[in-house]
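The values are calculated or read from the model by the stated rules, or taken from the named source; none is laboratory data. On a predicted model such as this, the values are computed, not experimentally measured, just so you know. Heads up, the Cβs are rebuilt from the backbone with ideal geometry, glycines too, and the neighbour counts pull from every protein chain shown. Areas reflect the complete protein model, heavy atoms only, side chains present, ligands, DNA and RNA absent. Shrake-Rupley method; radii C 1.70, N 1.55, O 1.52, S 1.80 Å.
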Amino acid sequence: MTNAQMQAQFYLNEKKIFELFNFLIGHLLVDEPTDPIEYLYELLDKCMLFRAGLGEPPLLFTARHVESMFQSLDPGGLGSISLDQYKAGMTTLGIGCYDMNPKTCSAGRVDKQTFEDEA
């Protein structure tokens, strides 16, 4: 990898550009707007308003979606899931920035509250 490529990679990682694009693409795929450019413009505007403290965050999934995801990972209703299930759930929800080793309720298990808090 050249120095220029390393600098570019560092910049993209530091500014979380990949996460931003995943967020934008995730919204496009969920909502399938007829005018994606206008939709992205409005979505970025909502992000800027939230960042300025003037609006609600433009969430891809609601708390109900997160709860449903946990329930699908915990069909037996144990109240906890494995670390692998936790990571798969975060990936499915499109969440790239989360604690990879969260507080666990028992060895190698993640409880519902931790899952929801991280999501």
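Report the Rg/Rh value for the range 11-56, based on alpha-carbon coordinates and the Kirkwood definition of Rh.
With Rh from the inverse mean 1/r over Cα pairs, Rg/Rh is 1.01.
For the range 1-85, the list of trypsin sites (Lys or Arg not before Pro) that fall in a loop by DSSP and count at most 13 other C-beta atoms within 10 angstrom reads Lys15, Lys16.
About its Cα centre, the range 1-96 has a charge dipole of approximately 360 debye under the convention of +1 per Lys or Arg Cβ and -1 per Asp or Glu Cβ, with nothing else charged. Using the Cα coordinates of the range 34-87, the gyration tensor eigenvalues translate into equivalent-ellipsoid semi-axes of 33, 14, 9 Å, sorted from longest to shortest. The convex hull of the Cα atoms of the chain, projected and averaged over all directions, covers 10.0 nm².
Computed with a 1.4 Å probe over protein heavy atoms only, the accessible surface of the chain comes to 71 Å² per residue. When a 1.4 Å probe is rolled over the protein heavy atoms, the share of accessible surface on the chain that falls to carbon and sulfur comes to 58 percent. Summed over qualifying helices (DSSP H, 4 residues or more, each -39500 (n - 2.57)) and divided by its residue number, the chain shows a 222 nm mean residue ellipticity of -18500 deg cm²/dmol.
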